[in-house]
Amino acid sequence: MENFQYENPTRIIFGKNQVQDSLKKEVEAYGKRILLVYGGGSIKKNGLYDVILEQLHQIEDVKIVEFYGVESNPRLSTVQKGIDMIKEHQIEFILAIGGGSVIDAAKAMSVGTYHDGDVWDIVTGKVDVTSSLPVGIVLTMAATGSEMNGNFVITNWEQKDKRTFSSIHTYPKFSILDPQNTFSVPKEQTVYGIVDSMSHVFEQYFHSSKNAPVQELFGESILKTTIDVAPKLIEELESYEYREVVMLNATLALNKILTMGVKTDWASHMIEHGVSAVHDIPHGGGMAIIFPHWMEYVSETRPEKIAQLGVNVFGLNPDEIGTKQLAKETAKRVRSFWNSLGAPSRLSDYEIDDKEVDLIIERSFISGETIGNYVPLNKEDVRYILQRAL
Ligand code: NZQ
Ligand code: ZN
C-alpha cells in the first residue's frame, strides 16, 4: 500500500423518515438564515419540498431563501448567481436537496462565498480555499457519492471546460439519506446512477499499487450487491429494499475508503468529463459508453486487474482462457450488463460525432501529457478509445 491519511467529517443519517426525525436538529446547529438549493422541481412533484419546509419552519426566527433551477452538469454561471444570493441575504447555512448536480453547485457556492474574485479560480485550483459556509444535504438520487465526499464538478459552459475540485472544506456537515426520497427517480436516471457508482468502484479498483486486499474485496462486494439488485430495482422502482442497497452502495463507492493506500486511475472519468464539457449529456450515460472501451483498450497492456474483476465479480472461469481474453470478456460483460439495464453504449446515441473528438481530447487533459495511473494514457490512446466509442 501507499502511505495515506484519511479524514471524513460528514455525518450520515440513513433510513426511513430521517428528514422528519433529524433535519431540524441538524440545521439548528448551523444558523437561522438558510439557503435552500434545489434543481428543476422534482422535489415539489414528489412532496419532499413540503416535508422539508415543515421541518425548517419549526426553527424559531428562521429565514429561508430559495435558489432553484440548478441544472444537471451544473454551470459556473449558476454557482455565481447562488453566491450573489448568499451575500445579499447574509446566509449562514446552505441546505442542498437533490442529486450530485445540486450538491456540487451548493458546495461550490459555499467556498465561492469567501472569495472576492472569480469563482472559476477556485474550481481550477488557482487560489487556495481555507473556509466555506456549512452545507447540509438531503439526498434524492443515488449516484455520485457527493453526499459524503469533498468533491464538486462544475462546468464552464462558455469555455467548454468541466472541472473537479476537492477539499476538506467542502465535505457536507451532514447528509440525510432516506431511500424513500429516491422512489420517484425515473428509470433512466436510476440506471445512470447505478452506472456511475459502479464506475467509481472501477476507478479505484484499477489501481497501480500493490497489496490492497481489503480495498479490492470491499470494492467487489459493492459491485456484486449492486449487480444483484439493479435489475430488480428497475422493475420495481418503489422498492425500499432495493433502493436502500443501491443508495448505500453509491455513497460507499466514493467516500474515498476505496482510495486508502492506492493510486487510483480516473482516466475514464476524465474522458467522460471531456465529453460532457463539450456535449451536455448525463454523466452516468457517458460513463456507460466510455468505461467498457477503456477496459478493452487497457486489456492489451495490463489485463490482470480487469481479469481479476471478471473472475471475482462476473464469475468468469480463469482456467478456460488466458488473462488478456479474460479481461476483454470482462469489458464485454460490463457493457452488456449496463445495456441490459437500458444504458447507452455509443456516443452517437447522444449525436456526438468525430468532429467533436479533438475538443473532447483537449478537455480530457486538464494538465500534463497523460491521464490515469493503472495505465497512463496519452492523447492518441484517448483518441483511439473515443473513435471506438463513436
Ligand atoms: O433537477 P431535478 O428536478 O431535481 O431532477 C433531477 C435531474 O433532472 C432528477 N432527480 C434527482 N432526484 C430525483 C430526480 N427526479 C425525480 N425524483 C428524484 N428523487 O435527476 C436528474 C439528474 O440529477 P443530477 O443531480 O444531475 O444527477 P447526478 O446525481 O448523476 O449528478 C451528476 C453530476 O455530478 C457530477 C457529474 O459530473 C454531474 O455534473 N459528479 C459529481 C461527483 C462528485 N461530486 O463526487 C463525482 C461524479 O463522478 C460526477 O462527476
Ligand atoms: Zn462519476
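The numbers here are math on the coordinates, done by the rules we state, and not lab data. All values derive from a computational prediction rather than experimental measurement. Don't worry about glycine lacking a Cβ; one is built from the backbone with ideal geometry, like all the others, and counts go over all protein chains shown.
The table below lists the values:
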quantity: Residue list for the stretch 167-204, filter: within 16 Å of ligand 2 (Cβ to nearest atom) and over 27 Å from Ser239 (Cβ atoms); calculated: Glu203, Gln204
quantity: Which numbered condition Lys107 misses (of (1) more than 14 Å from the chain's Cα centre (by Cα); (2) within 16 Å of ligand 2 (Cβ to nearest atom); (3) among the basic types (Lys, Arg)); calculated: (1)
quantity: Leading residue by the ranking (farthest from ligand 1 (Cβ to nearest atom)) among those in the stretch 23-80 that are farther than 24 Å from Asp280 by Cβ and among the hydroxyl-bearing types (Ser, Thr, Tyr); calculated: Tyr30
quantity: Boolean, Ser72 is within 16 Å of ligand 2 (Cβ to nearest atom), in contact (Cβ under 8 Å) with a residue 60 or more places away in the chain, surrounded by fewer than 24 Cβ atoms within 10 Å (Cβ to Cβ) and not hydrophobic (A, V, I, L, M, F, W, C); calculated: yes
quantity: Flag for Thr164 being near ligand 1 (Cβ under 9 Å from one of its atoms), within 26 Å of Pro9 (Cα to Cα), of a type in the set (Val, Ile, Thr) and surrounded by fewer than 24 Cβ atoms within 10 Å (Cβ to Cβ); calculated: yes
quantity: Any hit, the stretch 48-62, residues being among the aliphatic types (A, V, I, L, M), in contact (Cβ under 8 Å) with a residue 60 or more places away in the chain, part of a helix (DSSP H, G or I) and surrounded by 15 or more Cβ atoms within 10 Å (Cβ to Cβ); calculated: yes
quantity: Residue list for the stretch 121-141, filter: free of Cβ contacts under 8 Å to residues at least 12 places away in the same chain and more than 21 Å from Lys160 (Cα to Cα); calculated: Asp128
quantity: Number of positions in the stretch 173-192 that are under 20 Å from Ile154 (Cα atoms) and in contact with a helix residue (DSSP H, G or I) (Cβ under 6 Å, 6 or more places away or on another chain); calculated: 1
quantity: Filter pass, Ser336 being touching a residue at least 24 places away in the same chain (Cβ under 8 Å), in a helix (DSSP H, G or I) and surrounded by fewer than 14 Cβ atoms within 10 Å (Cβ to Cβ); calculated: no
quantity: Residue in the stretch 265-288 that is nearest to ligand 2 (Cβ to nearest atom), counting only those that are of a type in the set (Gly, Ala, Ser) and under 16 Å from Thr155 (Cβ atoms); calculated: Gly284
quantity: Residue check for Leu233: assigned to a helix (DSSP H, G or I), of a type outside the set (D, E, K, R), within 16 Å of ligand 1 (Cβ to nearest atom) and closer than 24 Å to Leu139 by Cβ; calculated: yes
